[in-house]
Amino acid sequence: MGFYYEKVLRPVLFHSDPEKAHDMGVSTLDLLGKLGPVCRIMESTNLIRTESPIELFGLTFPNAVGLAAGMDKNGRFFRAAPALGFGHIEIGTITNLQQPGNERPRVFRFKESDAIINRMGFNNDGAEAVAKRLKASLGKRKARVPLGINIGKSKIVPLDQAIPDYLASFQLLAEYADYMTINVSSPNTPDLRELQKEAYLDTLLGELAKANRSRAKKLGVNPTPILLKIAPDLSFQEIDHVLECLNRWEFSGVVATNTTLGRPDEFSNVKETGGLSGPPLHRRSIEVVSYISRVTSGKLPIIGVGGIHDPETAGRMVDHGASLVQLYTSMVYRGPFVAKTIARALTARQSSWM
């Protein structure tokens, strides 16, 4: 299937505008997700399961490979994720207020590097609309693989009002999430990354932690695991402060990393603004994951993201401390079943260690 995608289907898709191709993919997977029996058959073939399931923050993951936030922004096709081989999926980023995102064009392929620059700007239907969609899709059931819900700040909301904005999204969506991810690291919402800094982060995480405990106590359930997604462009000193906040408020883990504003190597003369993803990001993401793993003595769960496009890059991320990995850009270049290929390789590695 990978050969067919790269030689036949990808050239057709790459004749389309990148965002139109993305929308076509979402619509196709939305349809697949509604075909329950077909999804179950595909899942039995494509969802590689580790010999020992991965247990993290109270959840069970059938394999280590997840679909990163950004593909399923509005919770439209998460039910199709296991049919493609993903052991978890993170939807979003979702904001409290519906917003169209930045002006088009806002997605750019760099085929010679298997990379993408995007400046989408959290285009999504808003937390209330997504919550209604999830309720209709799930009812009282849970998704077949862990479902993460990624939330961010609404663009028109000023930084000093960010906390109630995040809290509103959290309260609307937590019911449907196996875990939540707080996105303070997208480069495409003005000033959003300021929330990673000392002046804002501790208060934001504290209020979310308090709201999470209060909700759990009221409903008689366990608190929802909450993770923080950070930028690759933070210094190690800034990461230290982030880790102090995560520890203080007992967050469940960290997603490292988002896209980069850096322009390494062959991208040094590229003028398009936005976040760079794909293989050029991999080295820095590895550095960040390795640093976090080392300074926390491997005790803080890490979802490693950035430039994972084959078994080697995924294995490298795990070797440097990631418990799970996520991908997105490689799905564009390698096809919808890239997760199966990577999960099979990681599972074989695990078996060789046992």
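The values are calculated or read from the model by the stated rules, or taken from the named source; none is laboratory data. Computed from a predicted model, the values in this text were never measured in an experiment. Glycine also receives a Cβ, built like all others from the backbone with ideal geometry; neighbour counts cover every protein chain displayed.
Here are a few things to note about the model shown:
- Top-ranked residue of the stretch 14-31 - restricted to ones that are among the hydrophobic types (A, V, I, L, M, F, W, C) and surrounded by 17 or more Cβ atoms within 10 Å (Cβ to Cβ), ranked as farthest from S330 (Cα to Cα): L29
- Taken together, R119, R79 contain a single residue that is among the charged types (D, E, K, R) and either closer than 24 Å to Q196 by Cα or in contact with a strand residue (DSSP E or B) (Cβ under 6 Å, 6 or more places away or on another chain) (or both), which is R119.
- Residue among R106, R79 that alone is surrounded by fewer than 20 Cβ atoms within 10 Å (Cβ to Cβ) and in contact (Cβ under 8 Å) with a residue 40 or more places away in the chain: R106
- A count restricted to the stretch 150-171 and to residues that are in contact with a helix residue (DSSP H, G or I) (Cβ under 8 Å, 6 or more places away or on another chain), touching a residue at least 60 places away in the same chain (Cβ under 8 Å) and under 19 Å from N212 (Cα atoms) stands at 4.
- Any hit, the stretch 221-242, residues being surrounded by fewer than 16 Cβ atoms within 10 Å (Cβ to Cβ) and within 25 Å of G66 (Cβ to Cβ): yes
- Filtering S235, S277 for residues that are among the polar types (S, T, N, Q) and touching a residue at least 60 places away in the same chain (Cβ under 8 Å) leaves a single hit, S277.
- Any hit, the stretch 258-273, residues being buried (at least 21 other Cβ atoms within 10 Å of the Cβ) and in a helix (DSSP H, G or I): no
- Which numbered condition A81 fails, given (1) among the aliphatic types (A, V, I, L, M); (2) farther than 24 Å from E55 by Cα; (3) in a helix (DSSP H, G or I): (2)
- Applying the condition of being of a type in the set (S, T, Y) and part of a helix (DSSP H, G or I) to the stretch 178-218 and asking which residue is surrounded by the most Cβ atoms within 10 Å (Cβ to Cβ) yields T203.
- Some residue of the stretch 128-141 being out of contact with any Cys (no Cβ under 6 Å at 6 or more places or on another chain), surrounded by fewer than 17 Cβ atoms within 10 Å (Cβ to Cβ) and under 19 Å from A211 (Cα atoms): yes
- Enumerated strands (runs of 3 or more DSSP E) restricted to the stretch 275-353, each holding at least 1 residues that are hydrophobic (A, V, I, L, M, F, W, C) and under 25 Å from R49 (Cβ atoms): 302-305, 324-327
- Among the residues of the stretch 41-56, those that are surrounded by fewer than 14 Cβ atoms within 10 Å (Cβ to Cβ) and under 12 Å from A83 (Cα atoms) comprise I41, S44, T45.
- Of all the numbered requirements in (1) modelled with pLDDT under 95; (2) in a loop (DSSP other than H, G, I, E, B), A69 misses one, and that requirement is (1).
- Residue within the stretch 61-74 that is acidic (D, E), crowded, with 17+ Cβ neighbours inside 10 Å, under 19 Å from I303 (Cα atoms) and out of contact with any Ser or Thr (no Cβ under 6 Å at 6 or more places or on another chain) present: yes
- Failed condition for S52, given (1) in a helix (DSSP H, G or I); (2) at pLDDT below 95: (1)
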